[in-house]
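The values are calculated or read from the model by the stated rules, or taken from the named source; none is laboratory data. In this text the structure is predicted, and so the values were computed from the model without any measurement. We place every Cβ from the backbone using ideal geometry, glycine too, and count neighbours over all the protein chains shown.
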Amino acid sequence: MKFLGSLLFIGLLGFGGWYAWNHFAPLQKFLQNPQYFSTERRTLEIRYSSEEIMNAHQRELLKGRGYTFLEPRLLFTPYLLMEVKFAQNEETREGILLWGLADGEMVLDTSTWEKTHGFEDCLLAKADKNDFKILQTLVDEGGTLDRDRLYHKFKIDLDILDEWVENCRQKKLIVTSGRTIRLHFQDARLSNYPITHLDQPLVTQSSQGTAIVAKRYTVSQIQRLTQIAFGSEFAIRKTIEVFLPIYSISIQNPDGSILTTYWNALNGQRLSNSIPL
C-alpha cells in the first residue's frame with residue numbers, strides 16, 4: 001500500500017507540474033526567464049545612452065509645445081547566438097549566427113541591425129525542407145515565378161512538385177494565381193548564407209532592475225528552423241543566449257495620450273514599434 005501511495009503521489013505531482021506548465025503562462029515566463037536565476041547576462045554593448053538618443057531626435061519626437069519626455073526604460077531583447085559551420089563552394093566555413101527569440105528573424109549585420117524578413121512566418125507555419133526548397137527558389141528569382149519555369153528547376157516528378165507547392169500554399173507561404181507562383185511576404189528576405197556580420201564584442205551586464213522582452217520562440221524551434229533552412233551540411237557547434245539592450249522612450253502628448261518608441265542602444269537607431277513586450 002505504501003508503494004502504491006508513493007506511485008500515486010508521484011503521478012499527481014507530475015500531472016500537476018504538466019498542467020501548471022501548459023495552463024499557467026506566468027510560470028512558463030518565470031522558468032524561461034534567466035533574469036530570475038542570475039544577476040548577470042551576456043549582452044551586446046550599450047554605446048548610446050537614452051539621453052543621447054533623446055537629444056539627437058528631440059525635434060522628431062517632441063513635435064511642439066505640450067509634448068514631453070517620460071522616464072526612459074532599459075530593456076533587454078533575447079537572441080540565440082550560435083557558432084555554426086556549413087559547406088560553401090567545396091569549402092567548410094565557420095562563423096556566428098544571431099537569431100531573435102522574440103521576433104524569429106536572423107540578424108544579418110549588428111552594425112546596422114539589418115534583419116531577414118520571412119523566417120518568422122516559416123516558424124509559425126512549421127515549414128519543412130520541401131517548403132524551403134520552393135521558397136528559396138522564388139527568392140532567387142525575385143519572388144515570382146511561372147509554374148513551368150519552377151518545374152524546370154527541380155528534377156522530380158511533377159505530381160510531387162505540385163504537392164510541395166500546394167502544401168506551401170496551404171501554409172500561407174506562397175500565393176498561386178493561374179500559372180504564377182509568388183512569395184506571400186512583403187519585401188521577403190530569406191538569407192541562404194548562415195552568417196551574421198558581428199564585429200561588436202559581448203559584455204556582461206547586471207540584470208538587477210532591468211526588464212527582459214518576452215520570448216516568443218524557443219531555442220529548439222530556432223535550431224530546427226536553421227537546420228531545415230540551411231541544409232544537411234549546416235551544423236550548430238555551440239549556443240548561448242545573449243541580449244540586445246534597447247530603450248523604451250515614451251512621449252506624453254498634449255491630449256494625455258502616450259507614444260512609445262524603441263531604440264537600439266548599440267547603434268542608436270530606432271526600432272520597429274512592434275516589439276513584443
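Summary of computed values
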read-out	value
Residues being surrounded by 14 or more Cβ atoms within 10 Å (Cβ to Cβ) and in a helix (DSSP H, G or I) - total across region 53-87	3
Close pairs (9 angstrom Cβ cut-off, 6 or more residues apart or separate chains): over 20 Å from E105 (Cβ atoms) in region 226-254, surrounded by 14 or more Cβ atoms within 10 Å (Cβ to Cβ) and acidic (D, E) anywhere	R237/E83; K238/E83
Which numbered condition G178 fails, given (1) under 16 Å from T137 (Cα atoms); (2) out of contact with any Cys (no Cβ under 9 Å at 6 or more places or on another chain); (3) of a type outside the set (D, E, K, R); (4) assigned by TED's automatic domain parsing to the domain that holds L123	(1)
Subset tally (residues that are in a strand (DSSP E or B) and out of contact with any Phe, Trp or Tyr (no Cβ under 7 Å at 6 or more places or on another chain)) for region 88-113	9
Scan of region 186-218 for residues that are modelled with pLDDT of 85 or more, more than 20 Å from T110 (Cα to Cα) and touching a strand residue (DSSP E or B) at 6+ places or on another chain (Cβ under 6 Å), ordered by number	A211
I96 being of a type in the set (A, V, I, L, M, F, W, C) and either more than 24 Å from S220 (Cα to Cα) or touching a Cys at 6+ places or on another chain (Cβ under 8 Å) (or both)	no
Matching residues in region 148-171 - criterion: being part of a helix (DSSP H, G or I) and aromatic (F, W, Y)	Y151, W164
Any chance L225 is in a loop (DSSP other than H, G, I, E, B) and either modelled with pLDDT of 95 or more or crowded, with 16+ Cβ neighbours inside 10 Å (or both)	no
Qualifying residue in region 179-191 (condition: closer than 17 Å to I96 by Cβ and surrounded by fewer than 12 Cβ atoms within 10 Å (Cβ to Cβ))	no
Residue in region 255-271 that is touching a residue at least 12 places away in the same chain (Cβ under 8 Å) and either acidic (D, E) or outside the structural domain of A56 (by TED's automatic domain parsing) (or both) present	no
Complete set of residues in region 117-147 that are crowded, with 21+ Cβ neighbours inside 10 Å, on the phi < 0 side of the Ramachandran plot and in a loop (DSSP other than H, G, I, E, B)	A127
Residue within region 235-246 that is outside any strand (DSSP E or B), in the same structural domain as G66 (by TED's automatic domain parsing) and not hydroxyl-bearing (S, T, Y) present	no
